[in-house]
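Asks: Please find one structure pasted underneath; my questions will follow.
Just so it is clear, none of the values below were taken in a lab; they were calculated from the coordinates. Keep in mind it's a predicted model, so treat the numbers as computed, not measured. Methodologically, a virtual Cβ is constructed for each residue, glycine included, from the backbone with ideal geometry; neighbour enumeration extends over all protein chains shown.
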Amino acid sequence: MRAALAVVTLLAAALCGLLVVLARDPKRQVFALLANGLVLSALFEVLQAPDVALSEIVVGAAVTPLLFLVALAAIALDRRERPTNGGQPR
Amino acid sequence: MSPRWRLLLLTLALLALAPGLWRVARAMPPFGSPTSLYGPAINQLAPAARHVSNMVAAVNFDFRGFDTLGEETMLLCAVTGAVVLLRGSRGEGGRDRAGRLPGRTVAPRADATVLVCRLSAALVLLFGVYVVLHGTVTPGGGFQGGVIAASSFLLLYLGEGYDVWRRLMRGPLLQLLEAGGALAFVVAAAVPLIRAHPALTNLLPLGQFRSLYSGGLVLVVNDAVGLSVTGSFGMLLLEFLEETRSSASDPVPDEEDT
């Protein structure tokens, strides 16, 4: 039972990781990363490492995506403040 | 190089590597079987030697506590670096208004969201403190409990909006937690030196196995790390979320602040 669960979560982790790479829009990428964090914490729980799962669920699925979202927001605000650049990547 | 050539090269490389990969895969120990003697040795030693039932805490905060001191300092330095970088470009003063992109509407918060966030923020904070305090007994410990406690700040932000959140989150208090926790760790490491023992020697009474107050110095260091991690992550959230604010010199947006 545990082995089957481990196989399922491992496959899900691989799938989520692939999604993170394949998503081209940064915002979608952040949410794929969030899903990846959730799946990874489930995997750690299945592999009997509940303490690692606890830190992964907070760091991987909450704090890191939030920091990325904030960074994206800050970039968008910065581009608004400099209309000379017209939103073009520098 | 065209994609077709690249694919061909990949196939050739995979074919060349396949026999080796197969042999390595066949020679690997079965899934989940321990390969190192360290784990079983710790499992046998720690309950008797340190009265600790969470072996990870015993290894992190006692047997290899000196490494953790380095890691704790690393976190402190990383957060300090982030704060210095962000404040360097933004300045020390707080900002009054939410940054707003033109043409982007902001949906007002539903009452249900506020209620759920308030309740769960309190519960998550309580759970974080619980995980820190039970670090020597159950899985978890200083770092895990600290990040859980800090994630309750996030829920608070989600429910209350920036302005209330910013008034609740005291930067100096978080800095005090962060630095005070790290200092407590250093003091815990240094005090045995005065009595001519190696650093982090566990001289405190070990307490009863599986009780809340077990592990002696392990519990002290664990709680110090919990304080420091809560402060560090709180500071990180505070500084990063401050980046989404507009400076006072910007044109005033039409919508009200939420």
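Asks: Once you wrap a convex hull around the alpha carbon atoms of the range B:177-228, what is its projected area averaged over all directions, in nm²? Can you show the working numbers first?
Replies: Details: hull surface 14.0 nm².
Result: 3.5 nm².
Asks: Out of every Cα-Cα pair in chain B, what percent are more than 28 Å apart? Write down the numbers at each step before the final one.
Replies: Details: 17801 of 33153 pairs.
The proportion of pairs with Cα distances above 28 Å equals 54 percent.
Asks: Over the range B:122-251, calculate the relative contact order: mean separation of alpha carbon pairs under 8 Å at least 6 apart, over the residue count, as a percent. Don't jump to the answer; show the numbers that get you there.
Replies: Values: 180 pairs, mean separation 42.0, N = 130.
That works out to 32 percent.
Asks: As an exercise, take the mean of 1/r over every pair of distinct alpha carbons in the range B:136-233, invert it, and state the Kirkwood radius in angstroms. Kindly include the intermediate steps, with their values, before the conclusion.
Replies: Values: mean 1/r = 0.0673 Å⁻¹.
Radius from the Kirkwood sum: 14.8 Å.
Asks: Skipping prolines and chain starts, which residues have an amide H placed within reach, meaning under 5 Å, of the one on B:R245, given they are 5 or more residues away or on another chain?
Replies: B:G99
Asks: So what are the protein assembly as shown's ellipsoid semi-axes, whole angstrom, largest first, if each one is the square root of 5 times an eigenvalue of the alpha-carbon gyration tensor?
Replies: Details: eigenvalues 292, 213, 74 Å².
Semi-axes (√(5λ), whole Å): 38, 33, 19.
Asks: For the ranges B:128-138, B:102-112, B:173-183, what's the packing order if you count other beta-carbon atoms within 10 Å of each residue, average per peptide, and put the highest first?
Replies: Taking the mean over residues of other Cβ atoms within 10 Å, the ranking is B:128-138, B:173-183, B:102-112.
Asks: Another one. Label B:L173 and A:L5 with points 7 Å out from Cα along Cα→Cβ: what is the distance between them in nm?
Replies: 3.9 nm
Asks: Averaged across orientations, what area in nm² does the convex hull of the alpha carbons in chain A project?
Replies: Values: hull surface 24.9 nm².
In nm², the orientation-averaged hull projection of chain A is 6.2.
Asks: Averaged over peptide B:82-90, how many Cβ atoms belonging to another chain are found within 10 Å of each residue's Cβ?
Replies: Numbers: counts 1, 0, 0, 0, 1, 0, 0, 0, 1.
Across B:82-90, the average partner-chain Cβ count within 10 Å equals 0.
Asks: If you average the C-alpha positions of the range B:1-52 and of the range A:13-65 separately, how far apart do those two centres end up, in angstrom?
Replies: So the two Cα centres are separated by 21 Å.
Asks: Enter the mean number of other protein chain beta carbons within 10 Å of the beta carbon of each residue in A:57-64, as an integer. Mind dumping the intermediate values first?
Replies: On the way: counts 4, 13, 6, 0, 1, 7, 8, 0.
Average neighbour count from other chains, rounded to a whole number: 5.
Asks: Now a separate question. Per residue of the protein assembly as shown, what 222 nm ellipticity follows from adding -39500 (n - 2.57) for every DSSP H run with n ≥ 4, rounded to the nearest 500? Could the numbers behind the result be given before it?
Replies: Values: 13 runs with 236 residues, N = 348.
The helix contribution divided over the protein assembly as shown gives -23000 deg cm²/dmol.
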